[in-house]
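Student: The following block contains the structure, expressed as structure tokens.
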Amino acid sequence: MSESNTVLITAGPYQFLATFEQAPKTVELFRSLLPYKQKIIHTRWSGEGLWIPLGETQFGIPFENHTSHPAPGDVLLYPGSFSECEFLLCYGGVSFASKMGPLAANHFLTIVEGKENLRALGELVLWKGAQDVMFELADDAK
């Protein structure tokens, strides 16, 4: 497996480059899922974010580098417990929550290139619905 620290995210018609954060168990888990293809939908409770709901999935990882107020371009994993397991990609103001109330999730990936297209992606998903999303190591995408 490549040890690249750069992830290429292709979501709808947009591409972004992201780097891993200091969340070793979450990063290790996410690397094991790559390449990861899914649908991304708009959040229900958290504000300007896009998510991949994972239902009752249990990855068995602890909270690490967790936050309730991520910045645009942050990618989080909520490992489950009070609400369903999910990935969250923030494109604007987010106060991470569920119908149960405020939550915190592991910030493990940050978009470093393409941020200027985050709002356009968020609005596309909001108004046009689910979009394909693919996460892959940038070195493997060549």
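Bear in mind that the values in this text are calculations on the coordinates, not laboratory data. In this text, all values refer to a predicted model and were calculated from it rather than measured experimentally. A quick note on method: Cβ atoms are made from the backbone with ideal geometry, for glycine too, and the neighbour counts reach across all protein chains shown.
Student: On full extension of the chain, what length is gained from residue 112 through residue 44, given 0.36 nm per residue of separation minus the C-alpha to C-alpha distance? Walk me through the numbers on the way to the answer.
Tutor: On the way: separation 68, 0.36 × 68 = 24.48 nm, distance 2.55 nm.
Full extension of this stretch gives 21.9 nm more.
Student: Would you list, by chain and number, the lysines whose Cα falls below 23 Å from the Cα of residue 115, excluding same-chain residues fewer than 8 positions away?
Tutor: The qualifying lysines are 37, 39, 128, 142.
Student: Quick one: order 68, 4 by neighbouring beta-carbon count within 10 Å, fewest to most.
Tutor: Working: 68 14, 4 17.
The fewest-first ordering by Cβ neighbours comes to 68, 4.
Student: Taking the Cβ-Cβ separation of residue 5 and residue 127 as r and a Förster radius of 30 Å, what is the calculated FRET efficiency to the nearest 0.05?
Tutor: Details: r = 34 Å, r/R0 = 1.12.
Efficiency at R0 = 30 Å is approximately 0.35.
Student: Assuming R0 = 30 Å, what is the FRET efficiency of residue 17 and residue 56, from their Cβ-Cβ distance, to the nearest 0.05?
Tutor: Working: r = 32 Å, r/R0 = 1.06.
FRET efficiency, residue 17 to residue 56: 0.40.
Student: Give the distance, in whole Å, between the Cα centre of the range 89-106 and the Cα centre of the range 1-37.
Tutor: 20 Å
Student: From the C-alpha gyration tensor of the range 6-141, pull out the three semi-axes of the equivalent ellipsoid (sqrt of 5λ each), sorted largest to smallest, in whole Å.
Tutor: Numbers: eigenvalues 78, 66, 35 Å².
Largest first, the range 6-141 gives 20, 18, 13 Å.
Student: A further question follows. Under the rule of at least 5 residues apart or a separate chain, name every residue whose amide H is placed under 5 Å from the amide H of residue 98.
Tutor: Sorted by chain and number, the residues that satisfy this are 103.
Student: Follow-up. Using a Förster distance of 41 angstrom, determine the FRET efficiency expected from the C-beta separation of residue 141 and residue 98, and round it to 0.05. Please report the intermediate quantities before stating the final value.
Tutor: Values: r = 33 Å, r/R0 = 0.80.
Efficiency, rounded to the nearest 0.05: 0.80.
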